[in-house]
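To start, the structure under review is shown below, and the notes come after it.
The values are calculated or read from the model by the stated rules, or taken from the named source; none is laboratory data. Remember, it's a predicted structure, so these values are computed and weren't measured experimentally. With ideal geometry, Cβ positions are generated from the backbone for all residues, glycine too; neighbour counts draw on all protein chains shown.
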Amino acid sequence: MKSHAYNFTPTGLVTVAGPPFAVVLLISGLLHLAGIVGLLPEPRSVQDMDHTVLSHQIHASATPASIALIGDSSCLMDVSGRLLGQELRRPVSNLGTMSLLDLTAFASLASNAVSATKGSATVVLLVHPDFLMRPTADPRVLCDFQAIRQGASPSREPEVPAEWAASILATDLFRDSIESTARSFPLSGEFGRRYGFTDQIRAAIGRDLGLVDPRKYRFVRREARPFEVSPRLEGQFQALRGLLPTHVRLDVGITPIPESEAEADFGPRHSRALKTVSEWIGGDVRILADLPAYLPDSEFATRTHLSEEGRLRFTRLLAKNLSAEGLGR
């Protein structure tokens, strides 16, 4: 049994929907205009964890530090900068990121942090074996990184209808410039259960100069991938020293993997990788060869990140290695 029937004509539809849609377009146009003339607050692209970490680390790099840690997410998750600073009795900044950046981006953060430091300064590059096997960074993440550094909202060519709509209606502009200033955004998964919101992630990094991965590692058998440094990284490593101030010392290390995932020849391959990286960088670079290539599975949160207890152990090992190289007390 049919209870209702509707018969819209094009004219009637325009009459009903036209005024609200015109108001939406007017507001969108005003937002675009306000953004162009600089009337909106500085964008804070912090709607998810990756962007929150990028934004925080870019701003943190403006604080002078005599020891600046740079690298991928294993640098951020495997080292407590606060504890490292206490062990070495030196100001430390942990500028590891969550995202797929490249060495040039890492170096720009480090250079910003150590350039204003009086006296000697050290940059410590820490990356996971997966980073060294990966030939390129994610161009979308690099684009976002550059936009946030320049104080702009990350923008890219829309690829799907939802992105086109957000660009035309300025909802992304509203989110990054107004909404993100007024509130924080909830996190999902294990990070959401531990930290809650994006502002709590920023606060946690600020307190500990690092971040705890709350997950629990479980071994999953994968296709074996022999550890070899991608030759496509050679140019980046050759350029790395020139991207840092001349007075800065550079130390390079590789973060560990779970013991169950270390093939029988992983140790020699790990040593060869360090040697290759050292040769590519050239000049005055110190290799942290005594850092462990792998650790027990129980000390990992994921295959790329140490657990809360494991990172404290690794931080102390890093402090010991840096002290042995003449850094710290």
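Is at least one residue of the stretch 266-278 under 25 Å from the mean Cα position of the chain (by Cα) and farther than 29 Å from residue 111 by Cβ? Checked against the condition, which is being under 25 Å from the mean Cα position of the chain (by Cα) and farther than 29 Å from residue 111 by Cβ, the stretch 266-278 yields no hits at all.
Looking at this structure, is residue 286 under 17 Å from residue 128 (Cα atoms) and either at pLDDT 95 or above or buried (at least 16 other Cβ atoms within 10 Å of the Cβ) (or both)? Criteria not met by residue 286.
Among the conditions (1) within 16 Å of residue 53 (Cα to Cα); (2) surrounded by 15 or more Cβ atoms within 10 Å (Cβ to Cβ), residue 206 misses just one, which is (2). Within the stretch 180-191, at least one residue is farther than 30 Å from residue 251 by Cβ, touching an Asp or Glu at 6+ places or on another chain (Cβ under 8 Å) and modelled with pLDDT under 90.
Report whether or not residue 59 is without any contact (Cβ under 8 Å) to a residue 24 or more places away in the chain and more than 20 Å from residue 237 (Cα to Cα).
Numbers: without any contact (Cβ under 8 Å) to a residue 24 or more places away in the chain: yes; more than 20 Å from residue 237 (Cα to Cα): yes.
Answer is yes for this residue.
So which residues in the stretch 119-143 are of a type in the set (Ser, Thr, Tyr) and crowded, with 22+ Cβ neighbours inside 10 Å? First the steps, then the outcome.
Within the stretch 119-143, the first condition is being of a type in the set (Ser, Thr, Tyr), and the residues that meet it are 120, 122, 136.
Within the stretch 119-143, just 122 meets the criteria.
Is it fair to say residue 90 is at pLDDT below 95, assigned by TED's automatic domain parsing to the domain that holds residue 123, farther than 16 Å from residue 126 by Cα and surrounded by fewer than 21 Cβ atoms within 10 Å (Cβ to Cβ)? Considered against the rule, which asks whether it is at pLDDT below 95, assigned by TED's automatic domain parsing to the domain that holds residue 123, farther than 16 Å from residue 126 by Cα and surrounded by fewer than 21 Cβ atoms within 10 Å (Cβ to Cβ), residue 90 comes out as yes.
Here is a list: 41, 64, 19. Which entry is modelled with pLDDT of 70 or more and not assigned by TED's automatic domain parsing to the domain that holds residue 318?
Numbers: 41 fails: modelled with pLDDT of 70 or more; 64 fails: not assigned by TED's automatic domain parsing to the domain that holds residue 318.
After ruling out the rest, the residue left standing is 19.
Given 322, 306, 318, 295, which one is farther than 26 Å from residue 65 by Cβ and buried (at least 18 other Cβ atoms within 10 Å of the Cβ)?
295
Restricting attention to the stretch 86-129, the residues being in contact (Cβ under 8 Å) with a residue 40 or more places away in the chain and either small (Gly, Ala, Ser) or over 23 Å from residue 326 (Cα atoms) (or both) number 25. Scanning the stretch 314-329 for residues that are part of a loop (DSSP other than H, G, I, E, B) and out of contact with any Ser or Thr (no Cβ under 8 Å at 6 or more places or on another chain) gives 325, 326, 328.
Answer with yes or no whether residue 311 is in a helix (DSSP H, G or I), touching a Ser or Thr at 6+ places or on another chain (Cβ under 9 Å) and within 26 Å of residue 211 (Cβ to Cβ).
On the way: in a helix (DSSP H, G or I): yes; touching a Ser or Thr at 6+ places or on another chain (Cβ under 9 Å): yes; within 26 Å of residue 211 (Cβ to Cβ): yes.
Yes; evaluated as a whole, the condition is true for this residue.
Restricting attention to the stretch 130-179, the residues that are of a type in the set (Phe, Trp, Tyr) and at pLDDT below 80 total 2.
Screening the stretch 194-303 for helices (runs of 4 or more DSSP H) wholly inside it with 2 or more residues that are basic (Lys, Arg) returns the ranges 198-208, 266-281. Number of residues in the stretch 102-118 that are surrounded by fewer than 24 Cβ atoms within 10 Å (Cβ to Cβ) and either outside the structural domain of residue 306 (by TED's automatic domain parsing) or not β-branched (Val, Ile, Thr) (or both) equals 10. Of all the listed residues (274, 233), the sole one being free of Cβ contacts under 8 Å to residues at least 24 places away in the same chain and under 23 Å from residue 305 (Cβ atoms) is 274.
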